[in-house]
Amino acid sequence: MQNLLEACAITKHFGATVALDAVDFSARAGEIHALLGQNGAGKTTLMNILAGHLRPDLGTVTLDGVAIKTASPQTALRAGIAAVHQSPMLFEHLSAVENLALGGFVRRGLALNEVAERAGAMARSLSFPVQLPPKNLTGLSLAQRMRLEILRALSFQPRVLMLDEPTGLLAPGELSGFLDLLRALRNRGCAVVFITHKLAEAMAVADRITMLRAGRVVDQTSPPQTTIEQLAALMLGNAVELARPKKSHRRGAEVLRLEGLSLEVDGVALVDEVSLRLHAGEILAIAGVDGNGQRELAEILACSRRPTSGQILLHGQPAGARAMGQIAVVPQNRDQEGLIPGMELWENLLLSPALRRQMQTAGVQRRSAAIALCSVLLKRFSIRARSPRQKAADLSGGHRQRLMIARALASRPAVLVAHDLTRGLDVSAAAEVSRIVREFADQGGAAIMISTDLDEVFGLGDRIAVISRGRLFEVPTANLTIERVGLLMAGVGQHR
């Protein structure tokens, strides 16, 4: 089969860092090509070059055998190359239909209701459910935003569609439908480039697989020619088995208590009388389909939202604004809520009020101390960065995630709350981050892990609960099975 898109000897440097080193990559019409690799391997950099967001230092890109210059996203789209990035790139103040109108649905004189009709027809033809709220995007979950962006990309009728970690936000029940979407696009003749670190998904849907490691192609293979174990060895550079952290059986004093916590918006209970107790030394894992109140619960604990009713107790005392500094929250959306990409790494550390207080003397910020702390954290958390002076935007998605976790734990909190902790992390990074959280709990910390990933929930949680339609249900150990948790996530078998 002839290549539709071909990248030859693509090389890209960021200062002294070689992000891509003479990479060859191709995509064929009617094919799903999985691009695998650890965080920082160069996957997103390659996609950004093909999509026109970055210029390569060396190398060529051809489409149908003709050299093209993807000098901007617009020229790439005109050539037939569309990309959906790991963090949705939508305009928050516009409605869903207005965001779609910035895509390929619009013709001269086409009204917004006609854009909505065309978008709905395309979504239905692909069995791809997308919500189109009439106002701005406030309230849409990250998974819903990702679907919206995929639909906008498809509106350009691309010949090549590149998707960067598109399944990281999907609930377990949504995965099979999404993989069916990729197969439907392949059957329509589209070349689909599927960037993922989830090896089982690549094996289930890909026709070809390319593995990147440290900016180089280390293998090109296909599912019939390889195994998940072989892919893991290629990704990591060795065949070492990654052990899950051992769960704790020690439980200390109560640290956090939520009593009847509720949040109502426009008469709708987004968080509905949530009560829980959390003790030192334990990790409570909360499973849930995205959009069921977990984001709002995390925002209440981060003190960025005020609950309508209920109370939060820390060490038995009402948690005032200062006490809330003892709760460190790693938000789900790292690029909009967790970090400021245009700021340097050490400056992003100081977004934590607790760290700002640690780095002050007589009210004056000690910049040198913040830079020194950042250097220590870069090494401790294996964050691939040139220096603390590097911009956060230059880090890969996985290393941005590590930076947020490093910042949260450096503030020495009593409680760590993490939403989709390992989203976008490769297998080795996910194992390392899980180990760090387990170590935090073993040293007396208390943690709440909110996740759609049942592997993460069952791998880390000492106790497991489910959040559905804003209500929290703890699953007794006697009934603790993946099937039981999955039913509760779907709203089946819940009792108050």
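The values are calculated or read from the model by the stated rules, or taken from the named source; none is laboratory data. Predicted, not measured: the structure shown is a model, and the values here were computed from it. Cβ sites come from the backbone with ideal geometry, for glycine too, and all protein chains shown count toward neighbours. Accessible surface areas use protein heavy atoms only, side chains included; no ligands, DNA or RNA. Shrake-Rupley method; radii C 1.70, N 1.55, O 1.52, S 1.80 Å.
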Quiz item: In segment 1-36, which residues are under 19 Å from SER382 (Cα atoms) and at pLDDT 85 or above?
Solution: VAL18, ALA19
Quiz item: Somewhere in segment 100-112, is a residue free of Cβ contacts under 8 Å to residues at least 24 places away in the same chain, in a helix (DSSP H, G or I) and more than 21 Å from CYS8 (Cβ to Cβ)?
Solution: yes
Self-check item: Check on ALA431, open to solvent by 10 Å² or more (accessible area, probe 1.4 Å), touching a Lys or Arg at 6+ places or on another chain (Cβ under 8 Å) and among the hydrophobic types (A, V, I, L, M, F, W, C)
Solution: yes
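Specify which of the listed residues (GLU117, GLU165) is of a type in the set (D, E, K, R) and free of Cβ contacts under 8 Å to residues at least 60 places away in the same chain.
Of the residues listed, the single one that is of a type in the set (D, E, K, R) and free of Cβ contacts under 8 Å to residues at least 60 places away in the same chain is GLU117.
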Practice problem: Residues being buried (at least 19 other Cβ atoms within 10 Å of the Cβ), in contact with a Leu (Cβ under 7 Å, 6 or more places away or on another chain) and not in a strand (DSSP E or B): count how many of those fall in segment 203-236. | Solution: 5
Quiz prompt | Verdict on ALA9 being out of contact with any helix residue (DSSP H, G or I) (no Cβ under 8 Å at 6 or more places or on another chain) and either more than 24 Å from MET235 (Cβ to Cβ) or not in a loop (DSSP other than H, G, I, E, B) (or both) | solution = yes
Quiz item: List, please: which pairs have Cβ atoms under 6 Å, are six or more places apart or on different chains, and start with a residue in segment 448-466 that is open to solvent by 10 Å² or more (accessible area, probe 1.4 Å) and end with one that is modelled with pLDDT of 90 or more?
Solution: ASP462/GLU282; ASP462/ILE283; ARG463/LEU284
Practice problem: Please specify each residue of segment 111-131 satisfying the condition of being open to solvent by 40 Å² or more (accessible area, probe 1.4 Å) and more than 27 Å from the chain's Cα centre (by Cα). | Solution: ALA111, LEU112, ASN113, GLU114, GLU117, ARG118, ALA121, SER125
Quiz item: Given the conditions (1) among the small types (Gly, Ala, Ser); (2) within 27 Å of LEU142 (Cα to Cα); (3) open to solvent by 10 Å² or more (accessible area, probe 1.4 Å); (4) modelled with pLDDT of 85 or more, and given that GLY252 satisfies all but one, which numbered condition is not satisfied?
Solution: (2)
Quiz prompt | Count of residues meeting criterion [open to solvent by less than 30 Å² (accessible area, probe 1.4 Å), under 20 Å from the mean Cα position of the chain (by Cα) and farther than 18 Å from ILE286 by Cβ] in segment 297-348 | solution = 5
Practice problem: With the condition kept exactly as written, say whether any residue in segment 148-162 is under 21 Å from ARG295 (Cβ atoms), surrounded by fewer than 19 Cβ atoms within 10 Å (Cβ to Cβ), touching a residue at least 12 places away in the same chain (Cβ under 8 Å) and of a type in the set (Val, Ile, Thr). | Solution: no
Practice problem: With respect to GLY52, determine if the residue is within 27 Å of GLY398 (Cβ to Cβ) and over 25 Å from the mean Cα position of the chain (by Cα). | Solution: no
Quiz prompt | Single match in LEU421, LEU395, LEU403 (criterion: of a type outside the set (D, E, K, R), open to solvent by less than 20 Å² (accessible area, probe 1.4 Å) and under 27 Å from LEU488 (Cβ atoms)) | solution = LEU421
Exercise. Scan segment 58-73 and give yes if some residue there is closer than 24 Å to MET211 by Cβ, of a type outside the set (Val, Ile, Thr) and open to solvent by 30 Å² or more (accessible area, probe 1.4 Å), otherwise no.
Key: yes
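Could you tell me which residue of segment 406-418 is surrounded by the fewest Cβ atoms within 10 Å (Cβ to Cβ), considering only residues that are in contact with a strand residue (DSSP E or B) (Cβ under 6 Å, 6 or more places away or on another chain) and modelled with pLDDT of 90 or more?
Among those that are in contact with a strand residue (DSSP E or B) (Cβ under 6 Å, 6 or more places away or on another chain) and modelled with pLDDT of 90 or more, it is ALA414.
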Self-check item: Residue satisfying condition, being in contact (Cβ under 8 Å) with a residue 24 or more places away in the chain and β-branched (Val, Ile, Thr), within set VAL97, VAL66
Solution: VAL97
Quiz prompt | Unique residue being open to solvent by 30 Å² or more (accessible area, probe 1.4 Å), at pLDDT below 90 and more than 28 Å from the chain's Cα centre (by Cα) when the list is ARG380, ARG356, ARG366, ARG386 | solution = ARG366
